């Protein structure tokens with residue numbers, strides 16, 4: 001029982017500290033530079049360029065255009081991906097347990113929105129994939145395997161221009 005109380009107390013302190021840091025952020029995802037800090041217009045432009053390149057590589061036919069459009073629409077960057085930021089003045093008026101509850105509620109709301117968005121993207125992607133020819137599916141698989149911060153080799157774009165740490169030379 002003592003360990004449970006210690007664990008809960010530690011979790012509460014960490015959540016409060018994290019909530020305070022979150023409330024004081026000037027922008028970016030948890031203070032890290034990158035795509036979330038990028039100008040929304042520039043981010044949308046990069047996204048549109050990426051989709052245009054994918055569409056060209058897949059050689060989308062007229063009969064596939066409707067499923068392509070559904071897929072492309074589902075992939076548009078969401079405006080509220082960062083979630084709601086707590087009002088600093090409101091948070092300062094709350095007690096520590098109330099701040100913890102507020103942060104947990106905001107987090108839960110944010111995660112629910114992300115899960116819904118991911119579900120829509122998954123369904124649109126599966127429907128689009130099913131409309132592709134086997135050759136197009138192979139291209140799609142190869143292209144989408146490169147997406148994200150660990151697969152595309154474009155570390156600088158995914159990390160706000162920061163180069164990855166280099167191992168020490170021996």
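If a residue must be in a helix (DSSP H, G or I) and in contact (Cβ under 8 Å) with a residue 24 or more places away in the chain, how many such residues does region 78-101 contain? Steps first, please.
Filtering region 78-101 down to residues in a helix (DSSP H, G or I) leaves 88-93, 96-101.
Still in the running and in contact (Cβ under 8 Å) with a residue 24 or more places away in the chain: 88, 91, 96-97, 99-100.
Total satisfying the criteria: 6.
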Fill in the blank from the handout: Within region 118-132, the residues that are loosely packed, with under 13 Cβ neighbours inside 10 Å and closer than 13 Å to residue 63 by Cα are 130
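Each row is one residue, and each column tells you yes or no for (1) in contact with a helix residue (DSSP H, G or I) (Cβ under 8 Å, 6 or more places away or on another chain); (2) modelled with pLDDT under 90.
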residue: 23; (1), (2): yes, yes
residue: 42; (1), (2): no, yes
residue: 49; (1), (2): no, no
residue: 53; (1), (2): no, no
residue: 57; (1), (2): yes, no
residue: 80; (1), (2): yes, yes
Problem - Candidate set from region 43-65 (those that are buried (at least 17 other Cβ atoms within 10 Å of the Cβ) and more than 13 Å from residue 127 (Cα to Cα)); member that is farthest from the chain's Cα centre (by Cα) - result: 60
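How many residues does region 66-77 hold that are without any contact (Cβ under 8 Å) to a residue 40 or more places away in the chain, more than 11 Å from residue 47 (Cβ to Cβ) and either in contact with a helix residue (DSSP H, G or I) (Cβ under 6 Å, 6 or more places away or on another chain) or surrounded by fewer than 13 Cβ atoms within 10 Å (Cβ to Cβ) (or both)?
The initial filter retains those residues of region 66-77 that are without any contact (Cβ under 8 Å) to a residue 40 or more places away in the chain, namely 66, 69, 72, 76-77.
Retained after the next criterion (residues that are more than 11 Å from residue 47 (Cβ to Cβ)): 66, 69.
Next, from what is left, pick out any that are either in contact with a helix residue (DSSP H, G or I) (Cβ under 6 Å, 6 or more places away or on another chain) or surrounded by fewer than 13 Cβ atoms within 10 Å (Cβ to Cβ) (or both): 66.
So the count comes out to 1.
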Problem - Some residue of region 143-150 being under 30 Å from residue 42 (Cα atoms) and at pLDDT 90 or above - result: yes
Exercise for the section: Among residues belonging to region 47-62 that are in contact (Cβ under 8 Å) with a residue 12 or more places away in the chain and assigned to a helix (DSSP H, G or I), point out the one that is nearest to residue 112 (Cα to Cα). Expected result: 47
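The values are calculated or read from the model by the stated rules, or taken from the named source; none is laboratory data. Please read these numbers as outputs of a predicted model, since none were measured by experiment. A quick note on method: Cβ atoms are made from the backbone with ideal geometry, for glycine too, and the neighbour counts reach across all protein chains shown.
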